[in-house]
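S.K.: Take this structure, written in structure tokens, and hold onto it; I'll ask about it next.
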Amino acid sequence: MKVVSTIAEFKEARRRIAGSVGFVPTMGYLHEGHLFLARQAKAENDVSVVSIFVNPTQFGPKEDFARYPRDPERDLALLEKERTDLVLMPPVEGMYPPGISTWVDVEGVTKRLEGAARPGHFRGVATVVAKLFNIVEPTRAYFGQKDAQQVVVIQKMVTDLNMNLEVMVVPTQREPDGLAMSSRNVYLNPEERQAAVVLWKSMNLAQGLWQKGERDAEKIRNEMVALIKKEPLAHIDYVSIADPLTLDELSQIKGSALISMAVYVGKTRLIDNMTLGN
Ligand code: AMP
């Protein structure tokens, strides 16, 4: 495994790769969800590349950029075990040298859900991912369904800007009790960790109602909200039932629907989602 921190050094290594490249962008503090992506990238390509970069431009001024968990040594040991070929770990000033003035703004789908709750978030995400795609030149790039709206935004960017790669989506990896794996789960104290399973429970409730034939999105949303509100440590940011492609809120579920949510458990903001009907 080769670890590089400068973009010039990465590009030099990239020039020597002839075969297909599978790329996994991450912010580090790796867990089984990230490793699942890395494994997939390794299995489906000649060479696997993982980037570790906590991207400041996707955090709001009151968000957790400074205290976002970081453990590069542990991350590298985990990636070594996955036989990752190349790791890019650039410093912030490597990705954003002084004077940078170009941004990627995906309109429309970024206005809803996470985009509405976190203004500027997807501009930061799209910009860093576009930069990483230009640096890494992947054949396939791997993203987790855990960040469902991010997948929609990246797919739109790749299509709209005619980027020459395939976007691969990998299912959300969960703890045994259903909590989606996330680097931010480390913020939870033991009581909050137990309470956090309410996100998963509320999505299962929704799925159960849907399976019994309920198609009134408002009714399903209300039941989910009621269940979450029974958990004293949980505070809802949003609960959404939306069209999986446009992310428009639904009143009736006709085809498939994306159930997604952001819920504070204590001070930690957790997101999760589930698709109803393929
Ligand atoms: P992050 O480090 O949070 O930026 O995540 C890097 C990539 O890993 C993104 O594509 C995420 O969607 C994906 N990811 C994060 N958590 C999970 C999970 N629990 N299951 C699957 N993919 C995940």
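The values are calculated or read from the model by the stated rules, or taken from the named source; none is laboratory data. Not measured: the values here are computed from a predicted model. Don't worry about glycine lacking a Cβ; one is built from the backbone with ideal geometry, like all the others, and counts go over all protein chains shown. Heads up: the accessible areas ignore ligands, DNA and RNA and are worked out on the full protein's heavy atoms, side chains in. Shrake-Rupley method; radii C 1.70, N 1.55, O 1.52, S 1.80 Å.
S.K.: Among the residues of the stretch 12-26, count how many are farther than 28 Å from ASP147 by Cα and either open to solvent by 40 Å² or more (accessible area, probe 1.4 Å) or within 9 Å of the ligand (Cβ to nearest atom) (or both).
M.R.: Qualifying residue count for the region: 4.
S.K.: Within the stretch 32-61, track down each residue that is open to solvent by 20 Å² or more (accessible area, probe 1.4 Å), farther than 25 Å from GLY94 by Cα, within 11 Å of the ligand (Cβ to nearest atom) and of a type outside the set (D, E, K, R).
M.R.: PHE36, GLN40
S.K.: Now for a separate question. Could you check how many residues of the stretch 142-152 are away from the ligand (no atom under 11 Å from the Cβ) and of a type in the set (Lys, Arg)? Step through it out loud before you land on a result.
M.R.: Let us first name the residues in the stretch 142-152 that are away from the ligand (no atom under 11 Å from the Cβ), namely 152.
Still in the list and also of a type in the set (Lys, Arg): none.
Residues that pass the stated criteria total 0.
S.K.: Checking TYR142 against (1) more than 27 Å from ARG269 (Cα to Cα); (2) surrounded by 19 or more Cβ atoms within 10 Å (Cβ to Cβ), which test does it fail?
M.R.: With respect to (1) more than 27 Å from ARG269 (Cα to Cα); (2) surrounded by 19 or more Cβ atoms within 10 Å (Cβ to Cβ), TYR142 is out only on (1).
S.K.: I've got another one for you. Only residues in the stretch 59-84 that are closer than 24 Å to HIS121 by Cα and not assigned by TED's automatic domain parsing to the domain that holds TYR187 count as the first member; pair them with residues that are in a loop (DSSP other than H, G, I, E, B) and open to solvent by 100 Å² or more (accessible area, probe 1.4 Å), Cβ under 8 angstrom, at least 6 apart or cross-chain, and list the lot.
M.R.: Close Cβ pairs satisfying both conditions: GLY60/PRO119.
S.K.: State whether one or more residues within the stretch 37-50 are among the β-branched types (Val, Ile, Thr), assigned to a helix (DSSP H, G or I), at pLDDT 95 or above and within 22 Å of the chain's Cα centre (by Cα).
M.R.: No, the stretch 37-50 has no match at all.
S.K.: On the basis of being under 23 Å from VAL186 (Cβ atoms), open to solvent by less than 10 Å² (accessible area, probe 1.4 Å) and within 16 Å of the ligand (Cβ to nearest atom), does ASP64 make the cut?
M.R.: No; evaluated as a whole, the condition is false for this residue.
S.K.: Which of the residues spanning the stretch 153-166 are surrounded by 18 or more Cβ atoms within 10 Å (Cβ to Cβ) and either within 12 Å of the ligand (Cβ to nearest atom) or of a type in the set (S, T, N, Q) (or both)?
M.R.: Within the stretch 153-166, VAL153, ILE154 meet the criteria.
S.K.: Across the stretch 127-173, what is the total count of residues that are farther than 26 Å from VAL3 by Cβ and part of a helix (DSSP H, G or I)?
M.R.: Of the residues in that region, 12 qualify.
S.K.: Any residue that is assigned to a helix (DSSP H, G or I), surrounded by 16 or more Cβ atoms within 10 Å (Cβ to Cβ) and touching a residue at least 24 places away in the same chain (Cβ under 8 Å) - is there at least one of those in the stretch 103-111? Full working, then the answer.
M.R.: Filtering the stretch 103-111 for residues assigned to a helix (DSSP H, G or I) gives 109-111.
Imposing the further condition that a residue be surrounded by 16 or more Cβ atoms within 10 Å (Cβ to Cβ) reduces the set to 109-110.
Going one step further and asking which of them are touching a residue at least 24 places away in the same chain (Cβ under 8 Å), we end up with 109-110.
There is at least one residue in the stretch 103-111 that is assigned to a helix (DSSP H, G or I), surrounded by 16 or more Cβ atoms within 10 Å (Cβ to Cβ) and touching a residue at least 24 places away in the same chain (Cβ under 8 Å).
S.K.: Further question: Take the conditions under 30 Å from VAL239 (Cα atoms) and either more than 16 Å from the ligand (Cβ to nearest atom) or open to solvent by 30 Å² or more (accessible area, probe 1.4 Å) (or both) and apply them to TYR29. Does it pass? Quick ask: steps written out before the conclusion?
M.R.: Details: under 30 Å from VAL239 (Cα atoms): yes; either more than 16 Å from the ligand (Cβ to nearest atom) or open to solvent by 30 Å² or more (accessible area, probe 1.4 Å) (or both): yes.
Answer is yes for this residue.
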